[in-house]
Amino acid sequence: MDQENNDGVLADYAASLIKVEPMPVVLRKHPNWIFHHTARPNPHQLAGFFLSQLTLLGARDVQVKRVDDWYIFTADIDWMTIALVQDCALLEQFERWIIFPEDGQNAMRYEAAIQAFSQAVIIADQKQVTVVSGEVEDDNEIWKHITTEYPRTLAFLFPFSGRPFPYPQDESQQD
């Protein structure tokens, strides 16, 4: 039987019993945390939330383009490195819950949500292009639209066809 210590905490409770999951996995289990009104992933809402994030972070020139099921954002600032977000490496920003006080209490940035609900994510700065997640064939039309002319570009492919939510082949949905 479990016994309590002086603080009212179970004595045999251990930190090793806590299961920590990457934020995209958690968000897939709880899409209503992002999509409050529909509780279903919606690329138009996600694009709008992300556009709002960029302007709140100080971007004055943001371009949003849609190519097939890809959403492409370019901005006049590199929002991912301006303050090296909460001691978080660049690609880690797609895996963690990052607070976003500029958007209000309990707000989070949307990179992890983009990762959670996208089939593929690409980022670029003025030096390099990186496929963050997914597989993007060399002959994919998206490569004609990814630019290194801006401080930061982000593109995400929302799975309109072939992969209904929740994504059945996603191992995170199997617990």
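The values are calculated or read from the model by the stated rules, or taken from the named source; none is laboratory data. None of the values given here were measured: they were computed from a predicted structure. Glycine also receives a Cβ, built like all others from the backbone with ideal geometry; neighbour counts cover every protein chain displayed.
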Options Ile82, Ile77: the member that is surrounded by 16 or more Cβ atoms within 10 Å (Cβ to Cβ) and either at negative phi or touching a residue at least 24 places away in the same chain (Cβ under 8 Å) (or both): Ile77
Filtered residues of region 120-162 (kept if over 19 Å from Ile77 (Cβ atoms), of a type in the set (S, T, N, Q) and either in a loop (DSSP other than H, G, I, E, B) or at pLDDT below 90 (or both)): Asn140, Ser161
Candidates Ala124, Ala113, filtered to the one that is out of contact with any Ser or Thr (no Cβ under 9 Å at 6 or more places or on another chain), crowded, with 19+ Cβ neighbours inside 10 Å, touching a residue at least 12 places away in the same chain (Cβ under 8 Å) and among the small types (Gly, Ala, Ser): Ala113
Test set (1) in contact with a Pro (Cβ under 7 Å, 6 or more places away or on another chain); (2) of a type outside the set (Phe, Trp, Tyr); (3) assigned to a strand (DSSP E or B) - Gln63 fails condition number: (1)
Residue that is modelled with the lowest pLDDT, among those in region 1-42 that are of a type in the set (A, V, I, L, M), in a loop (DSSP other than H, G, I, E, B) and farther than 12 Å from Ala113 by Cα: Met1
